[in-house]
Amino acid sequence: MKRNIVITGGAGFIGSHVVRLFVNKYPEYNIINLDKLTYAGNLANLKDVEDKPNYKFVKMDICDFDAFYQLMQDEKIDGIIHLAAESHVDRSIKDPFTFAKTNVMGTLALLQAAKLYWESLPDKYEGKRFYHISTDEVYGTLSMNHPEGVEPPFKTVASSEGHKAYGDNFFYETTKYDPHSPYSASKASSDHFVRAYHDTYGMPTIVTNCSNNYGPYQFPEKLIPLFINNIRNRKPLPVYGKGENVRDWLFVEDHARAIDIIFHEGQVAETYNIGGFNEWKNIDLIKVMIKTVDKILGNPEGHSLDLITYVTDRLGHDARYAIDSTKLQKELGWEPSLQFEEGIEKTVRWYLDNQEWMDNVTSGDYLKYYEDMYKTI
């Protein structure tokens, strides 16, 4: 079956993995990568598919309703996978207006354009899908409570057999929203708009909320690529507070597989949580990265531990995120493929083997990658 699918934010970290998967797996589909190419968008992430006949790049701001509505008509779009977003919490604290504009008004522009176009067709919403990718941060924070007499991390079967957890509570699809940062507040608002378009207009929507992603092509303001690069260059590793905050980590290629399955097999109007069953305290995660990088670089064990530098904690820093992905596992058969130690070694090796990519991003040279083709970059 031929499909015409727009993937917004396709030049970004998660988006580029989704674009690559869809372009390679579905040669009969037309895949349109729509990206504004802000600082986090990098077309070098997709050099391996840019010449594929079923791939097309469109430089566009998702807030531009008129342009996106025209694109819907020109390309006869029947599927939207929406990943474009401002996503860095620290940036949202400094500039909340940009996050509200892109994440809320941008999502609303896409929804309204899709609604108007699809409602104009003879078959209206039949065979159409608007899939919105969100974050676990909309749920707020979890406590690190645990069974009496058992110190975390402990194993629990509440989410997954053998899951190492730092508490006996988890984020479920039914968990009440309680965002604590401008970033998570903007994503919560966009989630509500997506669901409202289903409830009000009958638009076929799906929402997923995922845990922290890691893997190749992640912009190095994020913890894992930042710290890999800093270890390589003997720079400080800034750790918020005491490093006790806990996050659930998901390998990005596993997330892309989940998006593929949910887009094709997920139920309209449903929410699915996507997590790695993979909780780590920040300080423990950092020590694993140090050990892995030092090993690969041939440094003595513990060589880079002295780079750890404790800094003032982030404002509104949530204590713990932990997703329960049981619904996705049971209903659609997805589960993560990598244990964290395996995934982190694969990730570290990619960044160390692709130092030119990292150096181009950290220097800003990547912004010139398509300068002749896209003069407005």
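Some values worked out for this structure:
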item: Matching entry among Y272, Y217 (being out of contact with any strand residue (DSSP E or B) (no Cβ under 7 Å at 6 or more places or on another chain), among the aromatic types (F, W, Y) and at pLDDT 95 or above); result: Y217
item: Matching residues in the range 109-134 - criterion: being on the phi < 0 side of the Ramachandran plot, outside any helix (DSSP H, G or I) and touching a residue at least 24 places away in the same chain (Cβ under 8 Å); result: Y125, K128, R129, F130, Y131, H132, I133, S134
item: Criterion: touching a Leu at 6+ places or on another chain (Cβ under 7 Å), buried (at least 21 other Cβ atoms within 10 Å of the Cβ) and farther than 30 Å from V194 by Cβ - qualifying residue of I274, I290, I308; result: I290
item: Where a residue in the range 31-47 is closer than 19 Å to D64 by Cβ and its partner, wherever it lies, is of a type in the set (S, T, N, Q), with Cβ under 6 Å and at least six apart; result: L34/T8
item: Residue within the range 21-43 that is small (G, A, S), surrounded by fewer than 23 Cβ atoms within 10 Å (Cβ to Cβ) and either under 14 Å from I7 (Cα atoms) or modelled with pLDDT of 95 or more (or both) present; result: no
item: Candidates G41, G15 - the one that is in a loop (DSSP other than H, G, I, E, B) and among the small types (G, A, S); result: G41
item: K56 vs. criteria in contact with a strand residue (DSSP E or B) (Cβ under 9 Å, 6 or more places away or on another chain), in a strand (DSSP E or B), at pLDDT 95 or above and of a type in the set (D, E, K, R); result: yes
item: Qualifying strands (runs of 3 or more DSSP E) (wholly inside the range 191-306; at least 3 residues being of a type in the set (V, I, T)); result: 205-210
item: Filter result (among the β-branched types (V, I, T) and either surrounded by fewer than 16 Cβ atoms within 10 Å (Cβ to Cβ) or without any contact (Cβ under 8 Å) to a residue 24 or more places away in the chain (or both)) within the range 54-108; result: I93, T98
item: Only one of L43, L116, L110 that is closer than 23 Å to R195 by Cβ, of a type outside the set (S, T, Y) and touching a strand residue (DSSP E or B) at 6+ places or on another chain (Cβ under 8 Å); result: L110
item: Candidates T376, T347, filtered to the one that is modelled with pLDDT of 90 or more, touching a strand residue (DSSP E or B) at 6+ places or on another chain (Cβ under 9 Å), on the phi < 0 side of the Ramachandran plot and not hydrophobic (A, V, I, L, M, F, W, C); result: T347
item: Any hit, the range 215-228, residues being surrounded by fewer than 22 Cβ atoms within 10 Å (Cβ to Cβ) and either without any contact (Cβ under 8 Å) to a residue 12 or more places away in the chain or more than 21 Å from G15 (Cα to Cα) (or both); result: yes
item: Pick from the range 127-142, criterion touching a His at 6+ places or on another chain (Cβ under 8 Å) and hydroxyl-bearing (S, T, Y), ranking: surrounded by the most Cβ atoms within 10 Å (Cβ to Cβ); result: Y131
item: Identity of the residue in the range 162-194, surrounded by fewer than 21 Cβ atoms within 10 Å (Cβ to Cβ) and among the aromatic types (F, W, Y), that ends up nearest to E335 (Cα to Cα); result: Y172
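Quick grid of which residues meet (1) in contact with a strand residue (DSSP E or B) (Cβ under 6 Å, 6 or more places away or on another chain); (2) polar (S, T, N, Q); (3) in contact (Cβ under 8 Å) with a residue 24 or more places away in the chain:
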residue	(1), (2), (3)
A258	yes, no, yes
L285	no, no, yes
M289	no, no, yes
S304	no, yes, yes
T312	no, yes, yes
G343	yes, no, yes
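So that you can scan it fast, the table gives a plain yes or no per residue for (1) modelled with pLDDT of 90 or more; (2) in contact with a strand residue (DSSP E or B) (Cβ under 7 Å, 6 or more places away or on another chain); (3) surrounded by fewer than 15 Cβ atoms within 10 Å (Cβ to Cβ):
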{"site": "Q329", "(1), (2), (3)": "yes, no, no"}
{"site": "Q339", "(1), (2), (3)": "no, no, yes"}
{"site": "D353", "(1), (2), (3)": "yes, no, yes"}
{"site": "S363", "(1), (2), (3)": "no, no, yes"}
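The values are calculated or read from the model by the stated rules, or taken from the named source; none is laboratory data. Note that the structure is a prediction, hence the values are computed from the model and not measured. Note that we place each Cβ from the backbone using ideal geometry, even for glycine, and neighbour counts take in every protein chain shown.
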